[in-house]
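Step one of this worksheet: look at the structure below.
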């Protein structure tokens, strides 16, 4: 079968040399829609994207042009390129993360430092609230004593206003304390995430 193809191609070139010597310098061959092998000095436009083979005047192959990729092949190539791009981005992020935390001990040390700072703020707020509550209690006792002594209503209103102001400060400080406790939980979970990420990176490295 190969010899038959070669013989046909050789005869074709002989014909080209005789009939069109100028065209015989470079011949291109392709398969048309009917599956028929065809040759000429140029490839018709409708077949140029399907791939062809180029020969010199001695029937020697000098170039093989592959078919243009199909839409499916292009989509698959783009998918693979995107996958590779994401993998490279992940690799850079992994290296940056490991620059900050080279082992699990580094993560736990940073966690402890972060939580210690927050705990200090929490203790300060708790102490402040306790002091404010003591002040309120003292002012409430003062209010009751003042009532017993039949002080003026103006004085009683002043004491009550001070009590209300301190109660408002207590409420604001308690709100801040609640936010600080939420921050502590969030920070603790954040370092749990760092620990898991570190282990994931090490697992990927072992896989590579």
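All of the numbers you see were taken from the coordinates with simple rules; none came from a lab. In this text, all values refer to a predicted model and were calculated from it rather than measured experimentally. Methodologically, a virtual Cβ is constructed for each residue, glycine included, from the backbone with ideal geometry; neighbour enumeration extends over all protein chains shown.
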- Query: If you rank 94, 200, 34 by fewest surrounding Cβ atoms within 10 Å, what's the result?
  - Reply: 34, 200, 94
- Message: Taking 8 Å as the Cα distance limit and 6 or more residues as the minimum spacing, I'd like the relative contact order of the stretch 27-121 as a percentage.
- Response: 15
- For the chain, built as a Gaussian network whose Cα springs stay under 10 Å, the top-fluctuating residue of 149, 132, 177: 149
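Run lengths n ≥ 4 of DSSP H only: what is the helix-derived mean residue ellipticity at 222 nm for the chain, with -39500 (n - 2.57) per run over all residues, to the nearest 500?
On the way: 5 runs with 152 residues, N = 208.
Calculated mean residue ellipticity at 222 nm is -26500 deg cm²/dmol.
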- Just 107, 74, 27 to compare: in a GNM of the chain, with alpha carbon springs under 10 Å, which one fluctuates most? 27
- Query: Can you give the extra length, in nm with one decimal, that the chain gains between residue 146 and residue 33 once fully stretched, where that is 0.36 nm per residue apart less the Cα-Cα distance?
  - Reply: 29.7 nm
- Message: Could you tell me the center-to-center distance, by alpha carbons, between the stretch 92-126 and the stretch 138-208 in angstrom?
- Response: 23
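Sorting check: for 100-106, 135-141, which peptide has the highest mean count of neighbouring beta carbons within 10 Å, and how do the rest follow? Before the final figure, lay out each step's value.
Values: 100-106: 12.6, 135-141: 14.3.
Going from most to least packed, we get 135-141, 100-106.
Mind running the shape call on the stretch 31-120? Use the C-alpha gyration tensor, a ≥ b ≥ c as the square roots of the eigenvalues: rounded below 1.5 for a/c, prolate if a/b tops b/c, oblate otherwise.
Values: a/c = 8.26, a/b = 4.33, b/c = 1.91.
Judged from the Cα gyration tensor, the stretch 31-120 comes out prolate (a/c at least 1.5, a/b above b/c).
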- Query: Of the residues 28, 85, 197, which exhibits the maximal mean-square fluctuation in a Gaussian network model of the chain defined by a 10 Å Cα contact cut-off?
  - Reply: 28
